[in-house]
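Worksheet: the structure to be examined is printed underneath.
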Amino acid sequence: MNPAENPRKSVRIIAAIAKNTFRESIRDRILYNLVVFALLITASAVLLGELTNGQQARTIVNLGTNAILLFGTFIAIFVGVGLVAKEIEKRTVYSIFAKPVGRWEFVTGKYIGLCLTLLVNTVVMAIGVCLALLYVNGTELIVPAISAIVLIYFELLITTAIAILFSSFSTPTLAALFTLLIFIIGHLSSSLRDLGAALGTLFVGLLLEFLYYVLPNLAVFSFRTEAANGFLPPVSVIFGAAAYAIIYACAILIIAIAIFSRRNFK
């Protein structure tokens, strides 16, 4: 189906696939585990007051934001890589494409559905962190913590797109491994670039420079330590991170759709 043939019909199809994906994620009980996490973060505020010598609010922000990044990344990877594989394994993909559903609509709908799931998960965990800060009278860190969590969600948009990209042509195990490696490298990209410059080897330097520009620079979204110290990111940083995440995720999805469109399911 040509995307330009009937935009309204395509939007309805994508919305239906996204809604179905969101419902499937809810049935997997991911949210239940994260609600427990949020409650544990809130309850841990009682102990943190005794263990951190009056720095409980900072500790809660550090612990909470890093946990949100970790949990969100694992959901993006392990749910994302299974979105396509599950449909192929259950052979439901054949009945889907027997209908007037384009493969680009299928991939886009799956991506949006998982992003909605991650949004709900992130909000639930953010509420847990805010409740913990309220309990220890750390209200001055609530806004910085929320700002850091917003940047984390932008990062998860990229991680989700990468997971779907690898799942479009690889097995779930390899797709999860590749996505996890990209996540790690993305947080170390600046260090790798500096390493390439320090080594003085032309080939290695060019290779690391190439990887720096091609792979996502996830350090752009890191503001967790600063938030724990009460700093707010400039508005330009938030909008810049949002633009970077959207553009990069769209580029990855275009590649994923191109690969998936050429995949033979027979």
In nm², the average projected area of the convex hull spanned by the Cα atoms of the chain is 16.7
Regression test value, accessible area per residue of the chain, probe 1.4 Å, units Å², expected 52
Ordering 80-89, 17-26 by per-residue average of other C-beta atoms within 10 angstrom, highest first, gives 80-89, 17-26
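Find how much the distance from residue 181 to residue 199 grows on full extension, using 0.36 nm per residue of separation minus their present alpha carbon separation; answer in nm with one decimal. Display every interim value, and only then the final one.
On the way: separation 18, 0.36 × 18 = 6.48 nm, distance 2.25 nm.
Working it through step by step, the gained length comes to 4.2 nm.
What percentage of the solvent-accessible surface of the chain, computed with a 1.4 Å probe over protein heavy atoms, is contributed by carbon and sulfur atoms?
Values: 9430 of 13720 Å².
It is 69 percent, rounded to a whole number.
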In nm, the gap between the two label points placed 7 Å beyond Cα toward Cβ at residue 120 and residue 137 is 3.8
Answer in debye to the nearest 20: the dipole magnitude of the chain about its Cα centre, from +1 Lys/Arg and -1 Asp/Glu charges placed on Cβ, is 1240
Checking rank on 107-119, 225-237, with mean other Cβ inside 10 Å and highest first, the result is 107-119, 225-237
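The values are calculated or read from the model by the stated rules, or taken from the named source; none is laboratory data. Just so you know, these numbers come straight off a predicted model, no measurement behind them. Glycine also receives a Cβ, built like all others from the backbone with ideal geometry; neighbour counts cover every protein chain displayed. When the accessible area is computed, the model is the full protein with side chains, heavy atoms only, and any ligands, DNA or RNA have been set aside. Shrake-Rupley method; radii C 1.70, N 1.55, O 1.52, S 1.80 Å.
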